[in-house]
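S.K.: One structure is given below, represented as structure tokens, and several questions about it will come after.
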Amino acid sequence: MGRNNSFLRVLLTALAAFTLSSTNAYSQATSKSLEITQNQRQKDSGQRIKWTRQLPAAVRKAFENSKYSSWYIEKMISHRRDEQTVYQFYIDNSSLLDGDHHESMAIKKTLTVSDKGVIVQENDCN
């Protein structure tokens, strides 16, 4: 009986040590992965713009004169590329649809406007 207890104690100690070392390795790997992801996000992400009044006049005018001026703006982000800043509008037409057609007919787009007020790219997000 004493032999079984000591074997069980050794087995549990080994299992606890293995679990602890595995948890530490996983924790370190996760921490490193999270750090890389956050650094990448900081490099890639631009600055979020809360209000259209914060946009340069040329950019605001380009959006207001576009065919998407009545669409809902989900968010706006400015990105610095080389020597130029571009502005991305994440938009959808949900404000133009009734409740019966919202899910089936909603269209989402990304509109990219240069700091000169030129729409340089238009992408579907659906």
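S.K.: Can you tell me which residue is nearest to K50 (Cα to Cα) among those in region 61-88 that are in contact with a helix residue (DSSP H, G or I) (Cβ under 8 Å, 6 or more places away or on another chain) and aliphatic (A, V, I, L, M)?
M.R.: Only one residue tops the list, namely M76.
S.K.: Could you count how many residues in region 74-87 are surrounded by 14 or more Cβ atoms within 10 Å (Cβ to Cβ) and either assigned to a loop (DSSP other than H, G, I, E, B) or of a type in the set (A, V, I, L, M) (or both)?
M.R.: Here the count works out to 3.
S.K.: Condition (residue is in a strand (DSSP E or B), modelled with pLDDT under 95, surrounded by fewer than 11 Cβ atoms within 10 Å (Cβ to Cβ) and not aromatic (F, W, Y)) applied to region 49-63: is it met by at least one residue?
M.R.: no
S.K.: Kindly list, by first and then second residue, each pair from a residue in region 113-126 that is assigned to a strand (DSSP E or B) to a residue that is of a type in the set (S, T, N, Q), limited to pairs with Cβ atoms under 7 Å and residues at least 6 apart or on different chains.
M.R.: S114/Q84; I119/S66; V120/T112; V120/S114; Q121/T112; N123/T110
S.K.: In region 65-73, is there at least one residue being of a type outside the set (F, W, Y), assigned to a strand (DSSP E or B) and either farther than 30 Å from D124 by Cα or modelled with pLDDT of 60 or more (or both)?
M.R.: Yes: one or more hits.
The values are calculated or read from the model by the stated rules, or taken from the named source; none is laboratory data. Since this is a predicted model, take the numbers as computed values, not measurements. Don't worry about glycine lacking a Cβ; one is built from the backbone with ideal geometry, like all the others, and counts go over all protein chains shown.
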